[in-house]
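*Asks:* My questions will all concern the structure given below.
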Amino acid sequence: MPPGLRRLSTALWQVGPMLAPPAPSRSGMPWLDTGIGPGAGFRSAHGAQAKHQRRMQLMLSLGSILLMLMLIAAGWGVFFAIKGLWTVVVLDLGMAATGAAALVMSRRGSLRNASLLLLGNLFVAIGAICVFMDVPSAEVPRATHHFYLSLGACAYLLFRGERPLLRHGVALLFFAAFAVFASSDVAIVTSYALPDEFRVGGNWVNNILALLTLYLVLHVMQADVAARNALEDELRAALDEQQLVLHYQPQIGADGQVTGAEALVRWQHPQRGMVSPGEFIPLAEQTGLILPLGAWVMREACAQLLRWSQDPRTASLTLAVNVSAQQFRQPDAVARVSAALDRHGIDPSRLKIELTESMLVSDIEDTIAKMTALKARGVGFSLDDFGTGFSSLSYLKRLPLDQLKIDQSFVRDVLTDPNDAAIARTVVSLGQTLGLSVIAEGVETEGQRAFLAGIGCQAYQGYLFSRPVPIEAFEAFVRAKAR
C-alpha cells in the first residue's frame, strides 16, 4: 500500500473509537452537517433536544444529590465510624465526593462524563454493599440490588445517543448484576455485614428510593416520547404547508470566484423560528419522513438550477445536494433523480449529489450500480465527510466519484494539530492520484485557506466566505464576487 494510503487508513481507524460520542454526520444523515458556525441564527440544542438535555441534567443532579444523601444524611459514615470500620468510612466519603463532582459536572453541561462517573461508581458501590453488607438471611431478604434495575434504565436513557457498546452495554451490565443478586444469595460474611434489625428499615428505604428512581426515568422517557410525537406531527405539517426552505452555502474556487453552492435544508417554524437540522433530520430518518423530505429537496434543487441556467451570471454554477442513505437505497432512487432532471430540463452536470462515507458500509454493490447509472446521465458525485467513516479504501477506486470533501473536523485544527494536517495532505494527495477534485468544508480563517491552498486543495466552503444564506443573499454574493 502506498505511504499516503497507509497514513490515511491509520487515521480513519483512529478517528472513531468505539466509546467516543458519535458524530451526527456518520449516521447516514448528511443534513446534520448544517454548515453553521459561530454566530449562527440558532443554537445546536433547540426545542425538544434542549428539553431532553435539561431532563438529563435534572436526573443526574437528583442522582448525585441522592448519592450524597444516602451516604451522609442517612448516617452511614457515622454508623461505621461507631463500629470502628474506618475503611468503609473513607469509602463513604469518597462516594459522597463522587456525587458532588457529578453534580458539578452535570450543572456545567458535561452530561456524558457526569453519567460515566456517577453510574460507574454506583455500580461498584451497590455491588460491594450487596456482597459485604446487605447479606440476606432467612428473616430479611436483600434489597440493595433493586437499584440495578432503575439504574440500568437510567443508563440506557443517558447513553441513548452514544455508540451501541455504550448505549446497550452499560444498561445490560446493570441488568445482569440485578439478575445475579436476585437469583442467588451470593455474599461474603465479614464484620462489615449489617445486622438484620438494621436492615429491616434499610430495605424499606432502599425499595422506596429504587422505585422513585425508576419512576423518574419513566417520566423522562414519557416526556421524550410525547415531545418526539409532537415534533413528528409538526414536521409532517411543515412538509404539507411548505415551511421548509433551502439555504445555499457558496463553494469557492482557487481564483476566489463562486463555482457553486451546497443546498442545506432549513425549517422555518411559524412559532419557534429557525429549527436546527440536528433536531428534525434524525427524526425524519427514524420516521421515514426523510423520503418525502429528500424528494422535496431534489425537486427544489433542480428548479433552482433551471432558474440559474437562465442567467449568464449563474448558468455555470453547480449545486450540491445531500442524499440520505434511506433515499439512495430506494429501488427507484435512480428513476426519481432522472425524473427530476427531465421535468426541469436542466444540464445534469450542474447537479452534484453528496453521499456520506457511512453509506458505503452496507450494500456497496447496489450503491455503485446506482451511482454508475446516474453518472451516465451526467450527474456528478462528491464523497462528503471524507476521512470520518470506516469504509474500505479498496472501494474508493470503484466509485464513480468526481470529488472528495475534507471534513470540517480536520480543517478546524489543521493549523495546530499535526494529525489533522497530515490527514488533509493525504486526502488531497489521494484525490490527485485518483483524478478527483478536492474541496474543504468548514474553512473559517485565512490561515486555514492558505494552508489548504499550499497543499494543493483548490476549492473551499465555510464561514470565511459565507454562511448558508437564503437564495436572494446567495445570488447577491455571486454578483458581488463577479464584479
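We did not get these values from a lab; they are worked out from the coordinates using the rules stated. Everything quoted here is computed from the prediction, not taken from an experiment. Methodologically, a virtual Cβ is constructed for each residue, glycine included, from the backbone with ideal geometry; neighbour enumeration extends over all protein chains shown.
*Asks:* Counting other Cβ atoms within 10 Å of each Cβ, which trypsin sites (Lys or Arg not before Pro) in the stretch 91-171 have at most 16 and sit in a DSSP loop?
*Replies:* Values: sites: ARG107, ARG108, ARG112, ARG142, ARG160, ARG167; in loops: ARG108, ARG142, ARG160.
For trypsin sites (Lys or Arg not before Pro) across the stretch 91-171 that sit outside H, G, I, E and B with at most 16 neighbouring Cβ atoms in 10 Å, the list reads ARG108, ARG160.
*Asks:* Something else: Note the full-extension length gain between LEU93 and ALA237 as 0.36 nm times their separation in residues minus their Cα-Cα distance, in nm to one decimal.
*Replies:* 46.5 nm
*Asks:* For all pairs of alpha-carbon atoms in the stretch 161-296, what percent lies in each bin of width 10 Å, listed from the first bin to the last filled one?
*Replies:* Spelled out bin by bin, the stretch 161-296 gives 9, 22, 21, 17, 12, 10, 7, 2, 0 percent.
*Asks:* Another question, then. Measuring from label point to label point, each 7 Å out along Cα→Cβ, what is the ASP311 to GLU446 span in nm?
*Replies:* In this crude label model, ASP311 to GLU446 measures out at 2.9 nm.
*Asks:* Ok, one more. With just the Cα atoms defining each centre, how far is the stretch 447-483 from the stretch 195-246? Give it in Å.
*Replies:* 44 Å
*Asks:* Here's another thing I want to ask about it. Taking H placed 1.01 Å from N in the peptide plane, check which residues at least 5 places from CYS457 or on another chain put their amide H under 5 Å from its amide H.
*Replies:* Here the answer is none, since no amide H 5 or more places off falls under 5 Å of that of CYS457.
*Asks:* Another one. Given R₀ = 41 Å, what would the calculated FRET efficiency be for TRP296 paired with ALA176, taking r from the Cβ atoms and rounding to 0.05?
*Replies:* Computed FRET efficiency for TRP296 and ALA176 comes out at 0.35.
*Asks:* Here is a follow-up. Any chance you could run the full-extension gain for ARG108 through ALA339? It's 0.36 nm times the residue separation minus the Cα-Cα distance, nm to one decimal.
*Replies:* Taking ARG108 through ALA339 to full extension adds about 78.1 nm, to one decimal.
*Asks:* Would you calculate the separation in nanometres between label points at ARG329 and GLN286, each defined as 7 Å from the Cα along the Cα-to-beta-carbon direction?
*Replies:* Computed distance between label sites ARG329 and GLN286 equals 1.7 nm.
*Asks:* Next question. Starting at the first residue of the stretch 261-278, write each ³J(HN,Hα) from the Karplus equation 6.51 cos²θ - 1.76 cosθ + 1.60 with θ = phi - 60°, in whole Hz, x for Gly and Pro.
*Replies:* Rounded to whole hertz, the list is 7, 10, 8, 10, 7, 10, 10, 8, 6, x, 9, 8, x, 6, 9, 5, x, x.
*Asks:* A further question follows. Where in the stretch 112-144 is the amide nitrogen less than 14 Å from a point lying 7 Å along the Cα-to-Cβ axis of VAL189?
*Replies:* Answer for the stretch 112-144: 132-140.
*Asks:* Then there's this: At 7 Å along Cα-to-Cβ for each site, give me the label-to-label distance between ASP196 and GLN257 in nm.
*Replies:* 9.2 nm
*Asks:* For a footprinting-style exposure proxy, rank HIS219, HIS269 by other Cβ within 10 Å, fewest first.
*Replies:* HIS219, HIS269
*Asks:* Please compute the net charge surrounding PHE159, taking Lys and Arg as +1 and Asp and Glu as -1 over other residues with Cβ under 11 Å from its Cβ.
*Replies:* Spelling it out: positives minus negatives among the neighbours equals +3.
*Asks:* Using R₀ = 56 Å, calculate the FRET efficiency as 1/(1 + (r/R₀)^6) where r is the Cβ-Cβ separation of ALA373 and ILE82; round to 0.05. The partial results should precede the final answer.
*Replies:* Numbers: r = 80 Å, r/R0 = 1.42.
After rounding, the FRET efficiency stands at 0.10.
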